[in-house]
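What follows is a short report on a single structure.
The values are calculated or read from the model by the stated rules, or taken from the named source; none is laboratory data. Predicted, not measured: the structure shown is a model, and the values here were computed from it. Here the Cβ is made from the backbone with ideal geometry for all residues, glycine too, and neighbour counts use every protein chain on show.
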Amino acid sequence: MENIVTVGKILSDINRVKILGLLLRDKELCVCEFCDTLNLSQPLVSRHLKQMKESGMITSKQEGKWVIYSLPDTQDQMVNCCLSEIKKAADDLPRIITCSR
């Protein structure tokens, strides 16, 4: 039951849903790519990413001075169902504005 509430909280914000959509479409992104593409501030994006990482919906890895975010290889069935719905709209999201990582 707690997982349902956690997933619901993550999906209750349109910016977090857009972040998931970008990750579904583009696989790996850094904070500046989310900020520039979605026209959001770095503190806001970092807060969203922290919440999503703590919930287990995304993962991160360090590459030099960059932190790269992606989706984990496995998710539970409920999360996969939500992600499949988000993926349907991912092509409507803006194209990634890449940084110089």
- Return the total of residues in the range 36-50 being without any contact (Cβ under 8 Å) to a residue 60 or more places away in the chain and either farther than 11 Å from Asn15 by Cβ or within 10 Å of the chain's Cα centre (by Cα) (or both). 7
- Query: Quick one: in the range 79-101, which of the residues that are among the hydrophobic types (A, V, I, L, M, F, W, C) and closer than 15 Å to Asn15 by Cβ is surrounded by the fewest Cβ atoms within 10 Å (Cβ to Cβ)?
  - Reply: Ala89
- Message: Looking only at the range 12-59, how many residues end up being among the aliphatic types (A, V, I, L, M) and assigned to a strand (DSSP E or B)?
- Response: 1
- Item | Matching residues in the range 39-58 - criterion: being exposed (fewer than 15 other Cβ atoms within 10 Å of the Cβ) and under 12 Å from Lys18 (Cα atoms) | Asn39
- Message: Given the criteria of a type in the set (A, V, I, L, M), modelled with pLDDT of 95 or more and in contact with a Lys or Arg (Cβ under 9 Å, 6 or more places away or on another chain), does Ile96 qualify?
- Response: no
- Message: Any residue at all in the range 49-59 that's out of contact with any strand residue (DSSP E or B) (no Cβ under 8 Å at 6 or more places or on another chain) and basic (Lys, Arg)?
- Response: yes
- Task: Give me a count of the residues in the range 60-78 that are over 20 Å from Arg95 (Cβ atoms), of a type in the set (Ser, Thr, Tyr) and surrounded by 14 or more Cβ atoms within 10 Å (Cβ to Cβ).
- Result: 1
- Message: Exactly one condition in (1) over 28 Å from Glu2 (Cα atoms); (2) touching a residue at least 24 places away in the same chain (Cβ under 8 Å) is false for Ile68; which is it?
- Response: (1)
- Message: Step by step: first the residues of the range 63-93, then only those that are in a helix (DSSP H, G or I) and of a type in the set (A, V, I, L, M), then the one that is farthest from Phe34 (Cα to Cα). Which residue is that?
- Response: Met78
